[in-house]
Amino acid sequence: MQTDQAKTIAAIVTIVVAVAIPYFSLREPRPNVEPRPELALGQVLAEEAAKLLSGGGALTVITRDPATFQNPASALQIEGFYAELKKSKLTVAATNIIQQDPLRLVRVPPAAFVDIMRKLGDSDVIVSFLGPPVLNDEQKARLGEKKPRIVAVCSGWLPREVDLKELFAEKLLHIAVVSRLQAAPTPPTSNNPREWFDHYYEVITPANLSELSVAPVTVSR
C-alpha cells in the first residue's frame, strides 16, 4: 500500500515539474531592448506623416494588438511616434489594431488593409507599423482611383518578402522605413534621435528608391 502511494506521489511530482519548467521558462524576462533606435523610428514616422499632411488630410494608424503579443520594440516605436505627434500638434483620426500571430511575418491582412484604404481619400495618410499593403489584382481593383498615402515600417527581412519597388510604382507605398544593410560597428554616443535612427534605419521615398536593396539584413544590436 505504501509502495503504491509512493509511486503515485512520485508520478504527481514528475507531472508538476514537467508543467512548471516550460511555464516558468516562458515567463523569463525578455532581453533588454536599446530604446533609442526604436523611439527614434517612431519619431521619424511621425515627422514623415506630418510632411505629407502639411496640406491637410486625416491620419490613420495601423498597429499590432499589444494584448495579443507583447513586443518591447514595437511599444517603443509607438511611444516615440505619439510623442512626436504631440509636438507637431497632430491628432490621429482612427487607429486600427491588428491581432498578429507572433510566429508569422508581421503583416496586415490584405482584406483589412483594403477596407481601411477605401474609407480614405488622396489627401489622407496611413501610418502602418505592420508593413505596406500586399494585395492581389482583385483587391487592387476594389480600391478604385482614390488612394491614401501610406507610410510603412518595412524593417528586417520584409524587403526580401515583398516587392517594395512595385508598391511604390503602384502608389500603394509612399514612404518606407527599412533597416540599413550595414551599420557602423559602434552605435552613436549621443542621445540625438536622428543619429540613432540613421545608424540602424533609413527612409526610402520615390526620390531615392534606387538605394533600396533586398540583400540580407545584417544589422544586429
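A few comments on the model shown:
- In the range 174-221, of all residues being modelled with pLDDT under 80 and polar (S, T, N, Q), the one that is farthest from GLY80 (Cα to Cα) corresponds to SER213.
- Taking the conditions (1) under 19 Å from PHE197 (Cβ atoms); (2) touching a residue at least 24 places away in the same chain (Cβ under 8 Å) in turn, LYS86 satisfies each one other than (2).
- If the condition is being in a helix (DSSP H, G or I) and at pLDDT 50 or above, then the range 22-44 contributes PRO35, ARG36, PRO37, GLU38, LEU39, ALA40, LEU41, GLY42, GLN43, VAL44.
- Qualifying helices (runs of 4 or more DSSP H) (wholly inside the range 95-192; at least 1 residues being β-branched (Val, Ile, Thr) and farther than 26 Å from ASN208 by Cα): 110-118
- Within the range 100-121, residues that are more than 19 Å from THR60 (Cα to Cα) sit with their Cβ atoms under 7 Å from residues that are at pLDDT below 80 and in a loop (DSSP other than H, G, I, E, B), at 6+ positions apart or across chains, in these pairs: PRO102/PHE69.
- Filtered residues of the range 136-153 (kept if modelled with pLDDT under 95 and of a type in the set (A, V, I, L, M, F, W, C)): ALA141, LEU143
The values are calculated or read from the model by the stated rules, or taken from the named source; none is laboratory data. Here the structure is a predicted model, which means the values were calculated and not measured. Neighbour counts run over all protein chains shown; Cβ positions are idealised from the backbone, glycine included.
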